[in-house]
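A.B. asks: Following this message is one structure expressed as C-alpha cells.
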Amino acid sequence: MKGSRADWPGLLKGPSTVRGAKAGKRNQNIMLRRRFSKTIFALILILMLVIPMRGAAQEAALTNIVVTNTRDDLLVYMNVEGAFTAQMKEAILSGVPTTFSFFIHLFMARNFWFDKEIADLEVTHTIKYDNLKKEFDVRRSWEQNKSKTTKSFTEARKWMTEIDSLSIIALNSLEKGAQYQLRAKAELSEYTLPFYLHYVLFFVSLWDFETDWYTIDFIY
C-alpha cells in the first residue's frame, strides 16, 4: 500500500472514536450500578432497623364483640384495637389510602356433622387524607360506602376500627332453640404505595396487622 504517515492518523480516527464511545457507555453503566447498589444497601439498613420495631409493636385484637338483634335482624358490634401504629398514621397523613377488612361468618352447630355456614360477610373500611382540605374521608362498605369526613384523626380512627349494628342475617332464617357460632377477624387488606416503594414493602409492611379468629356462641 502506498501512502504517507499523515494518512495513518486519519485511518485510526474511526475505530478510536468507536472505542471511546463504548468506554464512555461502559463507565456510565458502572456508575449507575454503583448508585443502585448504594440505594439498595441504604434500604436494607432501614429495613434492619424497622423489623425489630415491628416485633415490639402491639398486636391487633377484636374487642367488645356483641351479638344482639332487632325485631327482624341479627346484629353484631365489635372493635379492633392495636391496628393503628405511628407508622400507619404517618403514611395516612402523607396521602396513602388504607383499607381494613372485617370477615364475619355465622354457623349453625350440628351434632355428629360439620357446622353449617349460613352467613358469610366481608366488610371494608377505607380511609384517605386530603392534604389540601386537611380532612379525613372514611368509607364503610356496609354503609353503601357513603363518605364521612372529619378533621379529627381520633374520630376518623374510631370510624375505621368499629362496627356497630351490622346486620348479619334475617331472624326468620334462624331456627328457634338452635345453637349458633359467630366467627370474626380483621386485617389490613390494602394500602396504595408509590410505585417505587412496591418492591421494598411488598413483603415487609411497617403497619401490617391481622387479628386471630374470635368466636361467640349463642342459642337463638
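A.B. asks: Can you work out the FRET efficiency for the pair GLU210 and THR68, with r the C-beta to C-beta distance and R0 = 35 Å, to the nearest 0.05?
C.D. replies: For R0 = 35 Å, the calculated efficiency reads 0.85.
A.B. asks: Using the per-residue mean of other Cβ atoms lying within 10 Å as a proxy for protection, in what order, highest first, do the peptides 180-187, 61-68 fall?
C.D. replies: 180-187, 61-68
A.B. asks: Fully extended, how many nm does the chain gain between LYS134 and LYS151 (0.36 nm per residue separation, minus their Cα-Cα distance)? Display every interim value, and only then the final one.
C.D. replies: On the way: separation 17, 0.36 × 17 = 6.12 nm, distance 0.63 nm.
Full extension from LYS134 to LYS151 adds 5.5 nm.
A.B. asks: Work out from phi, with θ = phi - 60° and the Karplus expression 6.51 cos²θ - 1.76 cosθ + 1.60, the ³J(HN,Hα) of each residue of the stretch 77-89, listed in order in whole Hz, and give x for Gly and Pro.
C.D. replies: 10, 6, 10, 10, 10, x, 7, 8, 10, 4, 5, 5, 4
A.B. asks: To continue, here is another question. At a Förster distance of 35 Å, what's the computed FRET efficiency of LYS176 paired with GLU59, Cβ-Cβ distance as r, to 0.05? Each step should come with its number before you reach the end.
C.D. replies: On the way: r = 39 Å, r/R0 = 1.10.
Between LYS176 and GLU59 the formula returns 0.35.
A.B. asks: Can you pull a Stokes-Einstein diffusion coefficient for the stretch 55-115 at 4 °C (1.567 mPa s), Rh from Kirkwood over Cα pairs, as a whole number of µm²/s?
C.D. replies: Numbers: Rh = 15.2 Å.
The calculation lands on 85 µm²/s.
A.B. asks: So for each of 127-136, 145-154 I average, over its residues, the number of other beta carbons within 10 Å; can you give me the resulting order with the highest mean first?
C.D. replies: 127-136, 145-154
A.B. asks: Can you tell me the length gained on complete extension of the stretch ALA86 to THR124, counting 0.36 nm per residue apart and subtracting the Cα distance?
C.D. replies: Values: separation 38, 0.36 × 38 = 13.68 nm, distance 2.14 nm.
Length gained, ALA86 through THR124: 11.5 nm.
Bear in mind that the values in this text are calculations on the coordinates, not laboratory data. Predicted, not measured: the structure shown is a model, and the values here were computed from it. Glycine also receives a Cβ, built like all others from the backbone with ideal geometry; neighbour counts cover every protein chain displayed.
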